[in-house]
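Report on the following structure.
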Amino acid sequence: MATDLSMLEKAEAADHALSAEMDRYVIVKSAIYTSGERDPREPLPPHDARGKLHLMGHDPRLARMPAQPTLFDFFKCRFGPATHMLQSARLAQKNGCSEKIVLACLLHDLATSGFIRADHGYWAAQLVEPYVDEEVSFAIRYHQVLRFYPDESVGYAYPQSYVRLFGADFKPGAYLDREYEYARKHKYYMSARLLTVNDLYAFDPDVHVELEEFTDIVGRHFRQPGEGLGFDQSPSAHMWRTINWPTRYL
Ligand SMILES: [Fe+2]
Ligand SMILES: [Fe+2]
């Protein structure tokens, strides 16, 4: 009983602390988070900033990240459920793919689950590019494009799920046709293609995969910066910082 009460008290105290923090700050969303819901050309609705500061660090509503965050910290604190990527990585392993392809599968949709959905292959590739072999980032970048184009040589057909999602008459734009032509002739074409083959369309609710199963593969093929992702001055460090602190004013 005593523990129940103290747990309740703790929860209430945490609630109070959060609302006190929220009262202290003005938290503004970037245009890209709301574009479409509102017309980005319109001025922002006025907000009452009297007596408040504009948030320049950790968003009190989010899980706090360690000072030197690792890839797995981002998985645990900033990405949505990773079941799809974990199951794809497991499938690639089962199919005898190389460790680099397994890693590509593990990371391929991280933009969808934690950053920006549109052009997700490109964003994810850009995020990880400084830390992985170019074969891995190529596979991640082009899996998004290759998903639209069948390749019978490896038994990859146009996904039925895309017919459901986008309609039977959806056609990729001309810029994607060009990207496909480029990727098809590239030396890493088959790496990106293998990603589409292992990119599971459906989750198997009975298959449970832990992130930690891939600790060794990540250790061998993902160059984790000592300063932590976001603080290492790589060309994508600012993107990791934005995921860490998505609502900073500047
Ligand atoms: Fe994807
Ligand atoms: Fe996927």
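The values are calculated or read from the model by the stated rules, or taken from the named source; none is laboratory data. Bear in mind the structure is a predicted one, so any value in this text is a computation, not a measurement. Ideal geometry is used to build each Cβ from the backbone, glycine not excepted, and the neighbour counts take in all protein chains shown. For the accessible areas, the whole protein counts, side chains as well, though only heavy atoms, and no ligand, DNA or RNA atoms are used. Shrake-Rupley method; radii C 1.70, N 1.55, O 1.52, S 1.80 Å.
Annotations for the structure displayed:
- Scan of region 82-102 for residues that are within 12 Å of LEU194 (Cα to Cα), hydrophobic (A, V, I, L, M, F, W, C) and either away from ligand 2 (no atom under 14 Å from the Cβ) or buried (at least 20 other Cβ atoms within 10 Å of the Cβ) (or both), ordered by number: ALA89, ALA92, CYS97, ILE101, VAL102
- Residue check, SER6 within 30 Å of VAL218 (Cβ to Cβ) and open to solvent by less than 60 Å² (accessible area, probe 1.4 Å): no
- Taking the criterion of being surrounded by 13 or more Cβ atoms within 10 Å (Cβ to Cβ) and either of a type in the set (D, E, K, R) or farther than 20 Å from CYS105 by Cα (or both), the residues of region 151-190 that qualify are ASP151, PHE166, PRO172, LEU176, ASP177, GLU179, ARG184.
- Residues considered: ASP199, ASP206. Of these, the only one that is at pLDDT below 95 and away from ligand 2 (no atom under 16 Å from the Cβ) is ASP206.
- Check on GLY57, loosely packed, with under 10 Cβ neighbours inside 10 Å and within 23 Å of the chain's Cα centre (by Cα): no
- Flag if PHE231 is within 16 Å of ligand 1 (Cβ to nearest atom), open to solvent by 30 Å² or more (accessible area, probe 1.4 Å) and either assigned to a loop (DSSP other than H, G, I, E, B) or among the hydrophobic types (A, V, I, L, M, F, W, C) (or both): no
- The set of residues from region 106-138 being within 11 Å of ligand 2 (Cβ to nearest atom) and over 22 Å from VAL209 (Cα atoms) comprises HIS120, GLY121.
- Boolean, PHE138 is in contact (Cβ under 8 Å) with a residue 12 or more places away in the chain, closer than 16 Å to LEU194 by Cβ and open to solvent by 10 Å² or more (accessible area, probe 1.4 Å): yes
- Condition met for PRO66 (at pLDDT below 95, open to solvent by 40 Å² or more (accessible area, probe 1.4 Å) and either more than 16 Å from ligand 1 (Cβ to nearest atom) or of a type outside the set (S, T, N, Q) (or both)): no
- For ALA118, the requirement of being out of contact with any Ser or Thr (no Cβ under 6 Å at 6 or more places or on another chain) and either within 16 Å of MET190 (Cα to Cα) or open to solvent by less than 30 Å² (accessible area, probe 1.4 Å) (or both) is not met.
- Candidates LEU8, LEU18, filtered to the one that is in contact (Cβ under 8 Å) with a residue 40 or more places away in the chain and out of contact with any helix residue (DSSP H, G or I) (no Cβ under 6 Å at 6 or more places or on another chain): LEU18
- Against the criterion of being surrounded by fewer than 20 Cβ atoms within 10 Å (Cβ to Cβ), in contact with a Gly (Cβ under 6 Å, 6 or more places away or on another chain), at pLDDT 95 or above and under 17 Å from ASN244 (Cα atoms), GLN126 does not qualify.
- Looking only at region 124-150, residues that are over 16 Å from LYS187 (Cα atoms) and away from ligand 1 (no atom under 15 Å from the Cβ) come to 5 in all.
- Residue satisfying all of: in region 151-160; closer than 16 Å to LEU195 by Cβ and part of a helix (DSSP H, G or I); farthest from ligand 1 (Cβ to nearest atom) among these: SER153
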